Amino acid sequence: QKEVEQDPGPLSVPEGAIVSLNCTYSNSAFQYFMWYRQYSRKGPELLMYTYSSGNKEDGRFTAQVDKSSKYISLFIRDSQPSDSATYLCAITTGSNYKLTFGKGTLLTVNP
Amino acid sequence: GAVVSQHPSWVICKSGTSVKIECRSLDFQATTMFWYRQFPKQSLMLMATSNEGSKATYEQGVEKDKFLINHASLTLSTLTVTSAHPEDSSFYICSATPRDRTYEQYFGPGTRLTVT
């Protein structure tokens with residue numbers, strides 16, 4: 001079983017839709033949970049990171065962590081065409097700062 | 001804040017030559033820098049971790065004599081691909097971790113290497 005599983009999509013939604021992106025992980029030692037956005041031929045951009053279970057909101061983005069289920073989510077409200085990108089979840093134990101990445105989900109928001 | 005730059009953004013070289021890629025943290029001091037490789041439509045693959053003034057730690061399967069990493073200062077790390085071959089063609093991305101926010105990793109824009 002891979003340490004981090006993420007559905008690669010692709011996911012296509014109309015503008016204004018609520019988008020839900022998810023990852024599952026297997027190692028209970030993971031403590032920090034990140035979401036990155038990567039546009040084509042660019043480096044990943046850190047969107048949000050959370051520590052421990054719960055929700056964290058930043059504008060149209062909400063990150064959710066359920067450590068009991070080993071499940072993390074990113075919700076995008078009122079999605080825009082500019083949100084079209086690959087979204088990567090990344091997780092670390094925090095002991096050596098190495099990130100374990102999901103495969104990434106390709107999202108397209110259609111005008 | 002937390003901007004990381006890479007240079008060059010794109011390079012073409014001939015087989016057998018060496019190429020150096022620079023990674024700089026522009027507005028923070030980086031405790032640790034990482035080098036990744038990414039193939040089309042795939043996720044990032046960690047190649048090595050480097051701390052300023054120390055030897056880099058390479059991931060299993062990554063040839064340290066081929067991918068030379070130098071972390072000369074808290075704001076600069078370089079990756080040199082030695083004796084490049086066409087199979088080394090890839091997208092190389094660095095990232096850096098701020099001293100005061102050690103769980104955050106900020107990525108550079110990437111360098112596309114094509115070996116002919």
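The values are calculated or read from the model by the stated rules, or taken from the named source; none is laboratory data. Predicted model, so just to flag it, every value in this text is computed and none were measured. We place every Cβ from the backbone using ideal geometry, glycine too, and count neighbours over all the protein chains shown.
Some points to look at:
- When segment A:1-15 is filtered for residues that are surrounded by 13 or more Cβ atoms within 10 Å (Cβ to Cβ), in a strand (DSSP E or B) and not hydrophobic (A, V, I, L, M, F, W, C), the ones remaining, listed by number, are A:Glu5, A:Gln6.
To keep it simple, each residue is scored yes or no on (1) within 14 Å of another protein chain (Cβ to nearest Cβ); (2) not in a loop (DSSP other than H, G, I, E, B).
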position: A:Gln64; (1), (2): no, yes
position: A:Ser69; (1), (2): no, no
position: A:Leu74; (1), (2): no, yes
position: A:Asp78; (1), (2): no, no
position: A:Ser82; (1), (2): no, yes
position: A:Leu88; (1), (2): yes, yes
position: A:Gly94; (1), (2): yes, no
position: A:Tyr97; (1), (2): yes, no
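Quick grid of which residues meet (1) modelled with pLDDT under 95; (2) touching a Cys at 6+ places or on another chain (Cβ under 8 Å); (3) buried (at least 18 other Cβ atoms within 10 Å of the Cβ); (4) not small (Gly, Ala, Ser):
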{"position": "A:Lys67", "(1), (2), (3), (4)": "yes, no, no, yes"}
{"position": "A:Lys70", "(1), (2), (3), (4)": "yes, no, no, yes"}
{"position": "A:Ile76", "(1), (2), (3), (4)": "no, no, yes, yes"}
{"position": "A:Ser79", "(1), (2), (3), (4)": "no, no, yes, no"}
{"position": "A:Ala85", "(1), (2), (3), (4)": "no, no, yes, no"}
{"position": "A:Gly94", "(1), (2), (3), (4)": "yes, no, no, no"}
{"position": "A:Lys98", "(1), (2), (3), (4)": "yes, no, no, yes"}
{"position": "A:Gly102", "(1), (2), (3), (4)": "yes, yes, yes, no"}
{"position": "A:Val109", "(1), (2), (3), (4)": "no, no, yes, yes"}
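- Boolean, B:Ala72 is farther than 25 Å from A:Val4 by Cβ and either modelled with pLDDT under 95 or within 14 Å of another protein chain (Cβ to nearest Cβ) (or both): yes
- Filtering segment A:16-45 to residues that are within 13 Å of A:Tyr87 (Cα to Cα), surrounded by fewer than 16 Cβ atoms within 10 Å (Cβ to Cβ) and in contact with a Lys or Arg (Cβ under 9 Å, 6 or more places away or on another chain) leaves only A:Glu45.
Okay, residues lined up against (1) of a type outside the set (Gly, Ala, Ser); (2) in contact with a Cys (Cβ under 6 Å, 6 or more places away or on another chain); (3) more than 25 Å from A:Ser40 (Cβ to Cβ); (4) not in a strand (DSSP E or B):
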| position | (1), (2), (3), (4) |
| --- | --- |
| B:Ser50 | no, no, yes, no |
| B:Ser54 | no, no, yes, yes |
| B:Asp65 | yes, no, yes, yes |
| B:Ala84 | no, yes, no, yes |
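- Of all the listed residues (A:Glu57, A:Glu45, A:Glu5), the sole one being within 14 Å of chain B (Cβ to nearest Cβ), closer than 30 Å to B:Ser25 by Cβ and of a type in the set (Asp, Glu) is A:Glu45.
- Tabulated pairs, segment B:11-22, first aliphatic (A, V, I, L, M), second part of a loop (DSSP other than H, G, I, E, B) and at pLDDT below 95, C-beta under 8 angstrom, 6+ apart or interchain: none
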